[in-house]
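Only the coordinates and a few stated rules stand behind these numbers; no lab work does. Bear in mind that the values here come from a model prediction, so they are computed numbers and not experimental data. Cβ placement follows ideal geometry from the backbone for every residue including glycine, while neighbour counts extend to all protein chains displayed.
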There are 2 protein chains.
Amino acid sequence: MSASPDFLLELSRAARGAPESGIVEVVNYGRLKEGLIPLWVGEGDLPTPAFISEAATRGLAAGETFYTWQRGIPELRQAIADYHGRLFARPFSAERFFVTIGGMHAVHIAVGLVVEPGQEVIVPSPTWPNVPAAVELAGGRARILHMDYAATGWTLDIDRLEALIGPATRAILLNSPANPTGWAADEATLKAVLAVARKHGLWIIADEVYGRFSFTGERAASFHDVADEANDRILYVNTFSKNWAMTGWRIGWLEAPPAFGPAIENLVQYTTSGVPGFLQRGALAAIERGEDFIAFQKARVGRALDVMTSALAATNRVSFAKPDGAFYLFLAIDGFDDTRRLALRLIDEAGVGVAPGTAFGPGGERFLRLCLARSESHIATAADRLQDWLRKA
Amino acid sequence: MSASPDFLLELSRAARGAPESGIVEVVNYGRLKEGLIPLWVGEGDLPTPAFISEAATRGLAAGETFYTWQRGIPELRQAIADYHGRLFARPFSAERFFVTIGGMHAVHIAVGLVVEPGQEVIVPSPTWPNVPAAVELAGGRARILHMDYAATGWTLDIDRLEALIGPATRAILLNSPANPTGWAADEATLKAVLAVARKHGLWIIADEVYGRFSFTGERAASFHDVADEANDRILYVNTFSKNWAMTGWRIGWLEAPPAFGPAIENLVQYTTSGVPGFLQRGALAAIERGEDFIAFQKARVGRALDVMTSALAATNRVSFAKPDGAFYLFLAIDGFDDTRRLALRLIDEAGVGVAPGTAFGPGGERFLRLCLARSESHIATAADRLQDWLRKA
């Protein structure tokens, strides 16, 4: 046989090019650090509520362990439609909704549905890094739209968005409320983005997974408030993960024109072959009976935000825009531009785990992301530690 | 805004090109037919054993509902390695194993790891249709290698395999024991395929999900019996689905050179972001304590095969090769070459649901696939009904 291969040289370009998450290095460095308060990952500290887990357990015990609908069980698709009906005060058809392996799989399918290899997807940045990575993995190209930072808030410049559009542009991916910045598009901005998309025949991939975590109202503004769904080119990605503390369940949904149904069914079939039926029973309980839990979580994040921002503002060393939504604080510390190094130092010197802004693409490099969906005592202790560290640093 | 779009024209070529499963039409036609015995889908009729479901339930109740390792929980990776150690009587490193959303996701990742868009993967046919579909969805091309049918058995012609290899060839996907034919490669064939792969620097994607369902021995021959894993280019795909009646759980595994670990982690991250931790507890119970269940299922399929083949052979109207493994009977009925139509007729006239050979690619068109992993009374009734129908038809 031939000489021993260097297997790494055998990887496809796409597999070789998929970036490692910039959070992982920091997490690996601090994972076993005694007493560390971890604010680095985008999930809360609460396990899934028992009423949800118990519904899944019942489905499992009842033997719902066979292959199931590639689009999701009909009851769950109807419940997602009803949920949208309640949120947006108008009827939605269950035919628009497709259950996926988390929001990530919904992004993967959305890109696969409408983006040809070589085509571009415009992604405002700072961004959740998985989105541009998924675009590139599918052979597309992520075109970065730099957002503007000011202490009064992040902004998305519509003229600059339009200037990025060229013959290869196929879609705009808009995450609002946004991870990591906490920016949320207001209705006027959503209308402006939609007008640009209509003018150029582009798709919008609307990542609204933090839509229920709004600090400015009952819910964040949504493309559902401004779009004409029978005609507009919009794919919505969403998830059970954040609303109902189900990050580890890997269940989300894609909302798409019903005409895409057979294609979505096939893309699901040939990537994951569906979502466990008994887990969908848990998701059904969550979306039908989970409003109290959302309200509880949202209030908790609101208090955490107050505690953290007042502690840090008192140091006069930090800069941040108060988030409109989601559950992060994205802040810069004066004099510390190397946030990868800073994140490692904060592990050792402050006992707090944060995500370095370098993980979130252009424009985020000098920031740190703190996840606030944690217990008040953890947040208060982390705030104290960061305040102390900043006073000494 | 512009005129209402025809959304179907907006689909990417890959999404538009993904084929609909040829089984679906038949299932949809017969799904609600009273008293029908369904032998069309590739899964057994037993729910997951309780000791497996209960292990998952314990994980869920214990709050294992957070994001987890993209490669799978360490305990499960070690248990899969130990399982291989028992099967192949030599040690395996846990670093070779990666937990996926079923065998399908393992195929998807395997193709993504080593196949560039435009490159070819050789797929023996008749074939499980999801494999060529996954190759094409990733931008690759499935090159069909026609297998030869004789009543004494299906065969794979190594010279014809080698003749298909050209500059664009990147991999050979070998499913053995095979769905739908029941063919299993013997050790000499595996060695010959491996020699061809070595000579041409090709990858082998070894789909051995039916490896435990062998009618010729304790287990089917495996590339593990003939390969030098430190040097050979082999990616193994496998699943918990068939061995432990866990089709609906969507858990499988990929075995790959450990050097691929970071790339696999990224491909998982950007497609599904991992497998639920609490479900992995069920998989752990299955692989550690599931040998009796495998033996039970295998004996049951063996008896079903005897019942079905003797009933059908007695009609002198059918032709089939006795399967070496898996849990299907793939048979042709004299005078009925249009198997799509035949499958629809059998629903109405015999009360038996079968999969038409047209669903399984070139060379399978005139066959029907019957799944035998069902209760003996169902199999006996189905055999009687088919025998009666054949005597009248």
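Note on residue A:199: lysines with a C-alpha under 20 Å away, same-chain residues under 8 apart excluded, are A:191.
Excluding same-chain neighbours fewer than eight residues apart, no lysines are reachable from residue A:392 by a Cα-Cα span under 17 Å. In the elastic network of chain B, a GNM with C-alpha springs shorter than 10 Å, the most mobile of B:184, B:373, B:163 is B:163.
Summarising the label geometry, the points placed 7 Å from Cα in the beta-carbon direction at residue A:158 and residue A:82 lie 3.8 nm from one another.
The residue list A:262, B:222, A:311 was ranked by how far each Cα lies along the charge dipole of the protein assembly as shown toward its positive end, using unit charges on Cβ atoms, and A:311 comes out on top. Working note: Karplus 6.51/-1.76/1.60 with θ = phi - 60° gives the range A:214-221 the couplings 10, 9, 10, x, 4, 8, 6, 4 Hz, where Gly and Pro are set to x.
At q = 0.11 Å⁻¹, what base-10 log of I(q)/I(0) does the Debye formula yield for the protein assembly as shown when every alpha carbon is treated as an equal point scatterer in vacuo? So the normalised log intensities are -1.23. Across identical copies of the chain, residue B:349 has label-point separations of 8.4 nm, listed in ascending order, with the point defined 7 angstrom from Cα along Cα→Cβ. Other protein chain C-beta atoms within 10 Å of residue C-beta, averaged over A:13-24: 5. GNM remark for chain A: springs join alpha carbons under 10 Å apart, and the peak mean-square fluctuation among A:280, A:269, A:119 falls on A:269.
Between this copy and the others, label points of residue A:17 are 1.8 nm apart in ascending order, each placed 7 angstrom from Cα in the Cβ direction.
Fewest Cβ neighbours within 10 Å first, please rank A:104, A:147 accordingly. It would help to have the intermediate numbers written out before the result.
Working: A:104 26, A:147 20.
Sorted ascending by nearby Cβ count, the order is A:147, A:104.
Counts of other chain beta carbons within 10 angstrom of each beta carbon in peptide B:55-64 average 5.
Remark: label point of residue B:315 defined 7 Å out from Cα along the Cα-Cβ vector; separations to the same position in other copies 7.9 nm, ascending.
Shown for A:237, A:275, A:131, B:307: other C-beta atoms within 10 Å of each C-beta, ranked fewest to most, produce the order B:307, A:131, A:237, A:275.
Highest GNM mean-square fluctuation among A:160, A:340, A:300, for chain A modelled with Cα contacts below 10 Å: A:160.
Inter-part distance, the range A:1-76 to the range A:215-253, computed on C-alpha centroids, equals 21 Å. Counting only alpha carbon atoms, the long axis of helix B:277-289 and the longest principal axis of chain B meet at about 70°. Its relative contact order, with pairs defined as Cα atoms under 8 Å and 6+ residues apart, puts chain B at 26 percent.
Of all aspartates and glutamates in the structure, those lying under 17 Å Cα to Cα from residue B:242, and not within fewer than 8 positions of it along the same chain, are A:64, B:43, B:45, B:207, B:208, B:218, B:288, B:291, B:292, B:324.
About the Cα centre of the range A:54-289, how large is the charge dipole given +1 on each Lys and Arg Cβ and -1 on each Asp and Glu Cβ? Please answer in debye to the nearest 20.
On the way: 20 positive and 24 negative charges, 66 e Å.
Here the range A:54-289 has a charge dipole of around 320 debye.
Enumerate by residue number the GluC sites (Glu not before Pro) in the range B:125-220 meeting two conditions: DSSP loop (anything except H, G, I, E, B), and at most 12 other Cβ atoms within 10 Å of the site's Cβ. Numbers along the way, then the final one.
On the way: sites: B:136, B:162, B:187, B:208, B:218; in loops: B:208, B:218.
When the GluC sites (Glu not before Pro) of the range B:125-220 are filtered for loop state and at most 12 Cβ neighbours within 10 Å, B:218 remain.
In terms of other Cβ atoms within 10 Å, B:342, A:60 run from fewest to most in the order B:342, A:60.
Charging the Cβ of each Asp and Glu at -1 and of each Lys and Arg at +1, and nothing else, the dipole of the range A:87-160 about its Cα centre rounds to 180 debye. Averaged over the residues of peptide A:136-145, the number of Cβ atoms from other protein chains lying within 10 Å of each residue's Cβ is 2. Put simply, when A:36-49, B:29-42 are sorted by average Cβ atoms within 10 angstrom per residue, most first, you get A:36-49, B:29-42. Over the residues of chain B, the helix contribution to mean residue ellipticity at 222 nm works out to -12500 deg cm²/dmol, using -39500 (n - 2.57) for each DSSP H run of at least 4.
So what's Rg/Rh here for chain B, counting alpha carbon atoms and using the Kirkwood radius for Rh?
Dividing the radius of gyration by the Kirkwood radius yields 0.97.
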